[in-house]
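Structure first, commentary second.
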Amino acid sequence: MKNYEDFKAVLETEMLHYLPEQFKNYRVQTEYVPKVNGFLDALSIMPPEGCGAAPTLYFADLYAYYLKCQSMEQVLCCAAEVYLRGMNYLDEVNLERQLEEEPPQIVYSLVGASINQELAEIVPYRLYLDMMIIYRLMTEDGQGGFNSAIITNDIMEELQMTEDELYTMAAENTPKLMPLSIRKIEDAFYCMSNQYNRLGAASILYEDGLRKMADFLEDDLYILPASIHEVFLMPASECNLRTLGQAVRTANREIVQKSEVLTDSVYYYNWLSDEVEIASERKIN
């Protein structure tokens, strides 16, 4: 195998040979799937009529597996197993029926605005400081967790909803479906997320979450975006903004995975006004 592109070509050509007979007329193609902080190329295996839900196989994950095992046969067998397991899961969940017969479980999450300009072209969103509020369809995975998919403009149209309606539903659903979780890391240093510790940076949008923490500490708060999954809270009177800013930038470049970076900004929660602002842009009276 010469390179990544050769790997993709072989996978696309040979994939159907490793699936049961019922899939012989399915279509195999490459598509680009919107993700936070970028797009991922993926293998799509769809029925001839081109409708219905199907699992997505990401080339990057499969190529990493190939580099480890050095066996295309092994990769193809693994990909087929993952695809079939995903199809079985979709049959059990019956996502289409859920969308038609039940209110969809729409939640929101936060992503950085400057690093998601391409994503902003294809999804409904609203700006929040230097971040974007985007929306997701959430389904429980039956194992105490959840799966979610970013709502694109096409999905919003299918749901027959506007961005305002998505936001209203998400603002109500997210705190209920993904309850607030705050844990102490060390003295005057707290981690704020949700009970899943996934997509939990959006917990700063929850009503009264930051206020209750400020009440407890009796202080304004600095908010450090650890990732899209969580933020750190610290009493403002005990911290130095320059030091905190450098810590966030260093973590984003050396520790946090690229797909999970939120922003380089440090945020400031004003206990009196109950408002969040970018700390470096704050006007001090």
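Since every read-out is calculated from the coordinates, none of them should be taken as a lab result. On a predicted model such as this, the values are computed, not experimentally measured, just so you know. Counting neighbours? That spans all protein chains shown, and the Cβs are built from the backbone with ideal geometry, glycine included.
Per 0.36 nm of contour for each residue apart, how much would the distance between ASP208 and GLN246 grow if the chain were fully extended, relative to their Cα-Cα spacing?
Taking 0.36 nm per residue and subtracting the Cα distance, the gain is 10.8 nm.
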Work out Dmax and Rg for segment 214-272 from the C-alpha atoms and quote the Rg first, both in angstrom. 11.9, 35
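Could you line up LEU272, LEU11 from fewest to most neighbouring Cβ atoms inside 10 Å?
Values: LEU272 7, LEU11 22.
So the residues, fewest neighbours to most, are LEU272, LEU11.
Could you work out how much longer the chain between GLN74 and GLN195 gets when fully extended? Use 0.36 nm per residue separation minus the Cα distance between them, nm to one decimal.
On the way: separation 121, 0.36 × 121 = 43.56 nm, distance 3.68 nm.
Between GLN74 and GLN195, full extension yields an extra 39.9 nm.
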Helix axis angle, 72-93 relative to the chain longest principal axis, alpha carbon, degrees: 70
Computed over the chain: longest principal axis from alpha-carbon atoms vs helix 241-254 long axis, angle to nearest 10 degrees, is 10
Degrees between helix 4-14 axis and first principal axis of the chain (Cα, 0 to 90, nearest 10): 50
Checking the a/c ratio against 1.5 first, then a/b against b/c, what shape does the Cα gyration tensor give for segment 180-281? oblate
Residue with peak Gaussian network fluctuation, the chain [Cα springs, cutoff 10 Å], from GLU21, GLU260, GLU238: GLU21
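With the Cα gyration tensor of segment 96-244 giving a ≥ b ≥ c as the square roots of its eigenvalues, does the rule (a/c under 1.5 for rounded; else a/b larger than b/c for prolate; else oblate) give rounded, prolate or oblate?
On the way: a/c = 2.42, a/b = 1.72, b/c = 1.40.
Because a/c hits 1.5 or more and a/b exceeds b/c, segment 96-244 counts as prolate.
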Is it possible to state the helix-based mean residue ellipticity at 222 nm for the chain, with each DSSP H run of 4+ residues giving -39500 (n - 2.57), the sum divided by total residues, to the nearest 500 deg cm²/dmol? What is it? -10500 deg cm²/dmol
Ranking PHE216, PHE7 by Cβ neighbours within 10 Å, fewest first, what do you get? PHE216, PHE7
Computed ³J(HN,Hα) along segment 28-45: with the Karplus parameters 6.51/-1.76/1.60, θ = phi - 60°, integer Hz and x for glycine or proline, the list is 10, 8, 8, 9, 10, 9, x, 10, 4, 6, x, 10, 10, 7, 9, 9, 10, 10
Candidates ILE185, ILE155, ILE122; GNM for the chain (alpha-carbon contacts under 10 Å) flags as most fluctuating ILE185
Candidates (1) 18.7; (2) 20.3; (3) 21.1; which is the computed Kirkwood radius over Cα pairs in Å? (3)
Given springs between every Cα pair under 10 Å in a Gaussian network model of the chain, which of LYS35, LYS258, LYS24 has the largest fluctuation? LYS24
Extending each Cα 7 Å along its Cβ direction at ASP274 and ASP164, get the distance between those two points in nm, one decimal. 2.3
